[in-house]
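Working notes, beginning with the structure itself.
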Amino acid sequence: MALKSFIGQKKITDKLRRALSLGTLSHSYLFSGPEGIGKKTLARAFASELVCTSPDTNGPCGNCNACKMFRAGIPTDYFWLQPEGDHVSVDDIRNIQSDIVIRPMYSERKIYVITGGDTMTVQAQNCLLKTLEEPPGYAVIILLAEKSESLLPTVMSRVIHYELEKYTKEDLSAIIAQNDIRISPEFLNAVYGYSEGVPGKAMDLIRSEDFVQMRED
């Protein structure tokens, strides 16, 4: 998925696309918001354009070696850190630091997405700070966090922070349709009300037999 086809969060995607076209990218970003709001999907869409060597107005070309590696999930110039435990440890960050000094193989950039950024220990955050202060020119680090206030002020000062907003009913309807799911307007109203405009919650509700039964009752 490219940023152009990302549903919702238009203010954020427009800013990211403008930075890509003007060459005014930052070396570090933070996407924050509740679970299910679309942080991971946005990060993947952004990363797909960052890694591409021949992007156009529609997004990544899909044909360059970097795009093929990205699509295949081969970690060459794009890395996705999913902590094994309940927090991002200092060792996780050190592993990134060991790799980030190696220049990219197929792309002009190396992209690191760190999920659970708000679970980083203080030691891990201080370790990451060293990289955020003096990153290699080709590196882009994307932090994902539910609660940005859990991050140290020194870390926050080094990132461009985008807080994802809850979706409109129209956007939520489009996301549901994008997943090849068809529901009635009445059911959509119920899903939207209970999900509070969070796509992940909405999809869980639609797939929940208990919620469907409650709605029918």
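The values are calculated or read from the model by the stated rules, or taken from the named source; none is laboratory data. Remember, predicted model here, so these are calculated numbers, not experimental data. As a convention, Cβ positions derive from the backbone with ideal geometry for all residues, glycine included, and neighbour counts pool all protein chains shown. Side chains are part of the model used for accessible areas, which takes the heavy atoms of the whole protein and leaves out ligands, DNA and RNA. Shrake-Rupley method; radii C 1.70, N 1.55, O 1.52, S 1.80 Å.
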Point to revise | Per residue accessible area of the chain, 1.4 Å probe, in Å² | key: 53 Å²
Revision key, fill the gap. For LEU30, other-chain or 5+-apart residues with amide H closer than 5 Å (H placed, Pro excluded) are LEU143, ILE160, HIS161, TYR162
Check your understanding: Once the whole set of protein chains is in place, how much accessible area is left on ASP91, using a 1.4 Å probe, in Å² to the nearest 10?
Key -> 90 Å²
Revision key, fill the gap. A correct Karplus calculation of ³J(HN,Hα) over the stretch 154-160, with 6.51 cos²θ - 1.76 cosθ + 1.60, θ = phi - 60°, whole Hz and x for Gly and Pro, returns 5, 6, 4, 6, 9, 10, 8
Check your understanding: Over the chain, what is the percentage of antiparallel beta bridges among all DSSP beta bridges, to the nearest 5?
Key -> 5 percent
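At a 1.4 Å probe radius, carbon and sulfur cover how many percent of the accessible area of the chain?
On the way: 5540 of 11550 Å².
Reported share for carbon and sulfur atoms: 48 percent.
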Revision key, fill the gap. For the stretch 34-144, averaging the sequence separation of alpha carbon pairs under 8 Å that lie six or more residues apart and dividing by its residue count, the contact order in percent is 27 percent
Exercise for review: Provide the per-residue ³J(HN,Hα) series for the stretch 195-212, in order, calculated from phi with Karplus coefficients 6.51, -1.76, 1.60 and θ = phi - 60°, each as a whole number of Hz, with x at glycine and proline positions.
Suggested key: 7, 6, x, 9, x, x, 5, 4, 5, 5, 5, 4, 8, 8, 5, 5, 5, 4
Check your understanding: Rounded to the nearest 500 deg cm²/dmol, what is the calculated helix-only ellipticity per residue at 222 nm for the chain, with -39500 (n - 2.57) per DSSP H run of length n ≥ 4?
Key -> -13500 deg cm²/dmol
Revision key, fill the gap. Which residues qualify? For GLY116, with a placed amide H closer than 5 Å and at least 5 residues away or on another chain, they are LEU144
Practice item. Determine the order of LEU129, LEU42 by accessible area, beginning with the largest, at a probe radius of 1.4 Å. Key: LEU129, LEU42
Practice item. Would you list, by chain and number, the aspartates and glutamates whose Cα falls below 13 Å from the Cα of LYS110, excluding same-chain residues fewer than 8 positions away? Key: GLU49, ASP77, ASP99
Review point. Relative contact order of the stretch 95-152: what whole-number percent is it, with Cα pairs under 8 angstrom and at least 6 residues apart?
Key: 49 percent
Review point. Treating the beta-carbon of each Lys and Arg as +1 and of each Asp and Glu as -1, no other charges, what is the dipole magnitude of the stretch 132-217 about its Cα centre, to the nearest 20 debye?
Key: 140 debye
Study note, to complete from the structure: As straight-line cross-link partners of LYS15, the qualifying lysines (C-alpha separation under 20 Å, not fewer than 8 residues apart within one chain) are LYS4, LYS39, LYS40, LYS166
Check your understanding: Hey, what do the phi angles of the stretch 22-35 turn into as Karplus ³J(HN,Hα) couplings, whole Hz, using 6.51/-1.76/1.60 and θ = phi - 60°, x for Gly and Pro?
Key -> 8, x, 10, 5, 8, 8, 8, 10, 10, 9, 10, x, x, 4
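Structure shown: which of LYS10/LYS147; LYS130/LYS201; LYS10/LYS130 lie over 29 Å apart, alpha-carbon to alpha-carbon?
Working: LYS10/LYS147 21 Å; LYS130/LYS201 36 Å; LYS10/LYS130 32 Å.
Flagged as over cut-off: LYS130/LYS201; LYS10/LYS130.
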Check your understanding: Long-range amide H contacts for GLU165: which residues qualify at under 5 Å (H placed 1.01 Å from N, peptide plane, sequence gap of 5 or more or a different chain)?
Key -> none
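Let me check against my output: what whole-number percent is the relative contact order of the chain, with C-alpha pairs under 8 Å and at least 6 apart?
It comes to 26 percent, rounded to a whole number.
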